[in-house]
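See below for the structure under consideration.
The values are calculated or read from the model by the stated rules, or taken from the named source; none is laboratory data. These numbers were taken from a predicted model, which means no experiment stands behind them. No Cβ is skipped: glycine too gets one built from the backbone with ideal geometry, and neighbour counts run over all protein chains shown. Quick note on the areas: whole protein, heavy atoms, side chains included, nothing else; ligands and nucleic acids left out. Shrake-Rupley method; radii C 1.70, N 1.55, O 1.52, S 1.80 Å.
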Amino acid sequence: MNMHPPAGVEFRPLTIPSGIDASDASDFIEMTRVRNQVYREISGHDDERITAAELLPHYQPDAYETRLIWTVREEGRIVGRCGIDLPHEEGSTLAFWQIELLREVWGRGIGSAAYQLIEQIAREHDRSVLQSWAEHPQAPGPRLSAPTGFGDIPEDHAARFYLRHGYTLQQVERASALDLQAPFDTIEALHRDAQQAAADYRVVQWFAPTPSEWVDGYAWMKSRMSTDAPAADLEFDEETWDADRIALHDARYTDSGRLLQVTAAQHVATGELCAFNELVIGADRTEASHQEDTLVLRAHRGHRLGMLVKCAGLLSWRGIAPASPRVITYNAEENRPMLDINEAIGFRPIAYSGAWKKVLP
Ligand SMILES: CC(C)(COP(=O)(O)OP(=O)(O)OC[C@H]1O[C@@H](n2cnc3c(N)ncnc32)[C@H](O)[C@@H]1OP(=O)(O)O)[C@@H](O)C(=O)NCCC(=O)NCCS
């Protein structure tokens, strides 16, 4: 396959500045603006927007993964980006990648040339399992079904791109939104029911940085996200989390003024943390909120702890971010227990993404 991008197009390693006010930050700032435009062009809204100051901490040196990123330039102008993440777990065979181009440059072979770069870097780092996610907006025409039996997506430009480069669809993920300006009566009622069903547990709550008394319990639950979330035939390394990893994770939010609220359920008899839910908002508290990880440890399932931590989190969030219009969340389409909770709370589907995988020979 042709390794070279079309004439006038180049892939340039992105300089990661030490801070957003640094003299060499302009490329990072422009990359962020293009990233936000790409997401707006795909989804039709700005809820995935992030500021350069908020994105930058995610690209600072990290003991747990290597993140390589290039800007895609046409005649010097940034028209997209591509990147690959290489987890540091021992013996990892995994790589996670993304290619994101402004719509005006699609269909000219730029994505395919960027993909050649991604695969070359994966091979250089002995990574054979390549995985990637993309939103596939609703469109007429042929559709592809997830092998899980849950969900399908249109065979659109991005889907054809993955297929042509040897990828198979593994899982469909649903994005859902909850209107935060609507009445909370349902959530209050669900919260009361969950409290009754979970009488052996109490809710504890904090904001990043994680208070020392919760670090160990939170670290264990974060590590179980890598083993216990429904993954279809996608592959994830089992992650080890400790106080250092929690501190880095938390700093990614707090360094730029983002707010991360963690709502957890504690087993009263043992003191163990058994379930948690995360809600996040950027420094601009009028933007959309994001529900990030939610998990109930396996041994504690069946006590409505998922419902408990989600409802308790949302109820306090009303006071934290009263001007935020909605909460966005992502779930595997086959994750019925979690979708049941979200649907009961009032989340409605807004978009579907595909999770794609290729195993290199
Ligand atoms: C998916 C994406 C990366 C593809 O990039 P792209 O540059 O449009 O891809 P290419 O141009 O290499 O290939 C796309 C099409 O152009 C055709 N094409 C490739 N080279 C061409 C050329 N030189 N001239 C004309 N057409 C060409 C391909 O055959 C393909 O056609 P098809 O849609 O009928 O299958 C891009 O659309 C994008 O950024 N989408 C939004 C983000 C996203 O979904 N990313 C997915 C990976 S994370």
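Would you mention how many residues in the stretch 152-162 are assigned to a loop (DSSP other than H, G, I, E, B) and either surrounded by 18 or more Cβ atoms within 10 Å (Cβ to Cβ) or in the same structural domain as residue 232 (by TED's automatic domain parsing) (or both)? Reasoning before the result, please.
So the first thing to find is which residues in the stretch 152-162 are assigned to a loop (DSSP other than H, G, I, E, B), and the list is 155-156.
Now narrow it down to the ones that are either surrounded by 18 or more Cβ atoms within 10 Å (Cβ to Cβ) or in the same structural domain as residue 232 (by TED's automatic domain parsing) (or both): 156.
Looking only at that region, the number is 1.
Please work out which residue is nearest to residue 10 (Cα to Cα), limiting yourself to the stretch 77-115 and to residues that are open to solvent by 40 Å² or more (accessible area, probe 1.4 Å) and more than 10 Å from the ligand (Cβ to nearest atom).
Across the stretch 77-115, the extreme among qualifying residues is 77.
Go through the stretch 61-76 and count every residue that is more than 14 Å from the ligand (Cβ to nearest atom), acidic (Asp, Glu) and part of a strand (DSSP E or B).
Total meeting the criteria: 1.
Within the stretch 185-214, track down each residue that is assigned to a loop (DSSP other than H, G, I, E, B) and either surrounded by fewer than 18 Cβ atoms within 10 Å (Cβ to Cβ) or not hydrophobic (A, V, I, L, M, F, W, C) (or both).
Filtering the stretch 185-214 for residues assigned to a loop (DSSP other than H, G, I, E, B) gives 198-200, 208-211.
Within the stretch 185-214, 199, 200, 209, 210, 211 meet the criteria.
Among the residues of the stretch 254-304, write down those that are closer than 15 Å to residue 205 by Cβ and out of contact with any Asp or Glu (no Cβ under 9 Å at 6 or more places or on another chain).
Within the stretch 254-304, 259, 264, 265, 274, 275 meet the criteria.
Take the residues in the stretch 141-151 that are touching a residue at least 40 places away in the same chain (Cβ under 8 Å) and open to solvent by 10 Å² or more (accessible area, probe 1.4 Å); name whichever of them is nearest to the ligand (Cβ to nearest atom). Even if it seems obvious, please write down each step before you answer.
First, pick out the residues of the stretch 141-151 that are touching a residue at least 40 places away in the same chain (Cβ under 8 Å): 144, 146-151.
When the remaining residues are screened for being open to solvent by 10 Å² or more (accessible area, probe 1.4 Å), the result is 144, 147-151.
Numbers: 144: 14, 147: 19, 148: 20, 149: 24, 150: 21, 151: 17 Å.
Taking the candidates together, the pick is 144.
In the stretch 3-29, what residues are within 28 Å of residue 112 (Cβ to Cβ), in contact with a helix residue (DSSP H, G or I) (Cβ under 9 Å, 6 or more places away or on another chain) and assigned to a loop (DSSP other than H, G, I, E, B)?
3, 4, 5, 6, 14, 15, 16
Give me the pairs, please: first residue somewhere in the stretch 45-65 and modelled with pLDDT of 95 or more, second residue anywhere and assigned to a loop (DSSP other than H, G, I, E, B) and open to solvent by 40 Å² or more (accessible area, probe 1.4 Å), beta-carbon distance under 6 Å, and either six or more positions apart or on two chains.
Pairs found: 52/20; 53/20; 56/20; 57/255; 59/16; 64/88; 65/88.
So residue 126 clears everything in (1) touching a residue at least 40 places away in the same chain (Cβ under 8 Å); (2) open to solvent by 40 Å² or more (accessible area, probe 1.4 Å) except one condition, right? Which one?
(1)
Every residue, every condition in (1) closer than 15 Å to residue 222 by Cα; (2) surrounded by fewer than 21 Cβ atoms within 10 Å (Cβ to Cβ), yes or no:
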| residue | (1), (2) |
| --- | --- |
| 248 | yes, yes |
| 268 | no, yes |
| 271 | no, yes |
| 276 | yes, no |
| 293 | yes, yes |
| 312 | no, no |
| 341 | no, no |
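Does residue 348 meet the test of being open to solvent by less than 40 Å² (accessible area, probe 1.4 Å), farther than 25 Å from residue 228 by Cβ and assigned by TED's automatic domain parsing to the domain that holds residue 207? Working first, answer last.
On the way: open to solvent by less than 40 Å² (accessible area, probe 1.4 Å): no; farther than 25 Å from residue 228 by Cβ: yes; assigned by TED's automatic domain parsing to the domain that holds residue 207: yes.
So residue 348 does not fit the description; no.
Please give the number of the condition residue 317 fails out of (1) open to solvent by 40 Å² or more (accessible area, probe 1.4 Å); (2) assigned to a helix (DSSP H, G or I); (3) aromatic (Phe, Trp, Tyr).
(1)
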